[in-house]
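The values are calculated or read from the model by the stated rules, or taken from the named source; none is laboratory data. None of these values were measured; they are calculated from a predicted model. Counting neighbours? That spans all protein chains shown, and the Cβs are built from the backbone with ideal geometry, glycine included.
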Amino acid sequence: MKKILTLFAVVGLIAFSSCEGPEGPPGQDGLTGEAFEILNTNFSFNATDGYFISGTFQSKVGGDLFDDETVLIYRLKGTIDAQTPIWQLIPTTLYFNNGDEITYDYDFSRKDFQIYAGANYDLAETPSYVNNQSFRIVIIPSALAKTVNKNNFNDVMSVLKLKESDVQKIKL
């Protein structure tokens, strides 16, 4: 009887240890993501949507987003030097000393995305905020969105193990 109990104990330990998955924080194993870049693009305008840029996930591996993926979009706010861009997570609002405000926002579906620019004044007066704009779009696992510092573009790329050479260019 002792041999049978010992045998069950050994089999149970083997079965239990084979069920354990990789350990560690998100991004260590099995998390994948994709990054895209839209360079020097002008917002379009219509009376319904205002200023907007729209695109699809056609260049995404596998096409449409999966249910467990989410989208982060960053606007190129400026540069420190030629090799150091400053990416700002949107939605964001820019506040000016004269009381003017510009807001950048976005939405997405499984198939496409739309980036918006709006203001408390006529944006046509400051075309530099709607012309020649650059964005980075990062598709990440939804679970990661709860744990990573989304405000830091470099942190997101690092956790996803994506390099600058992995950023895919999108032509709109």
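Taking the listed residues Tyr106, Tyr121, Tyr116, the one that is in contact (Cβ under 8 Å) with a residue 12 or more places away in the chain and buried (at least 19 other Cβ atoms within 10 Å of the Cβ) is Tyr106, with no other qualifying. Scanning the range 66-111 for residues that are in contact with a Ser or Thr (Cβ under 7 Å, 6 or more places away or on another chain) and small (Gly, Ala, Ser) returns no hits. Within the range 14-39, the only residue that satisfies the criterion of being modelled with pLDDT of 50 or more and in contact with a Ser or Thr (Cβ under 6 Å, 6 or more places away or on another chain) is Leu39. Within the range 93-103, the residues that satisfy the criterion of being loosely packed, with under 14 Cβ neighbours inside 10 Å and outside any loop (DSSP other than H, G, I, E, B) are Thr93, Tyr95, Glu101. Take Leu76 and decide whether it is modelled with pLDDT of 90 or more and touching a helix residue (DSSP H, G or I) at 6+ places or on another chain (Cβ under 9 Å). The answer is no for Leu76.
Hey, could you check the range 110-122 for residues that are part of a loop (DSSP other than H, G, I, E, B) and modelled with pLDDT of 95 or more and say which is nearest to Asp155 (Cα to Cα)? Of everything passing the filter in the range 110-122, Asn120 is nearest to Asp155 (Cα to Cα).
Taking the range 30-91 and the strands (runs of 3 or more DSSP E) fully enclosed by it, the elements with 3 or more residues that are farther than 15 Å from Gln133 by Cβ are at 69-81.
Residue count for the range 123-147, restricted to those that are in contact with a Pro (Cβ under 7 Å, 6 or more places away or on another chain) and either at pLDDT 95 or above or not aliphatic (A, V, I, L, M) (or both): 1. The residues of the range 141-170 that are free of Cβ contacts under 8 Å to residues at least 60 places away in the same chain, closer than 23 Å to Gly63 by Cα and outside any helix (DSSP H, G or I) amount to a single one, Lys163.
Residues in the range 123-140 that are assigned to a helix (DSSP H, G or I), in contact with a helix residue (DSSP H, G or I) (Cβ under 9 Å, 6 or more places away or on another chain) and within 16 Å of Gly78 (Cα to Cα): 1 in all.
Being surrounded by fewer than 13 Cβ atoms within 10 Å (Cβ to Cβ), in contact (Cβ under 8 Å) with a residue 40 or more places away in the chain, more than 15 Å from Asn42 (Cα to Cα) and touching a Leu at 6+ places or on another chain (Cβ under 7 Å), is that true of even one residue in the range 79-92? Scanning the range 79-92 turns up no residue that is surrounded by fewer than 13 Cβ atoms within 10 Å (Cβ to Cβ), in contact (Cβ under 8 Å) with a residue 40 or more places away in the chain, more than 15 Å from Asn42 (Cα to Cα) and touching a Leu at 6+ places or on another chain (Cβ under 7 Å).
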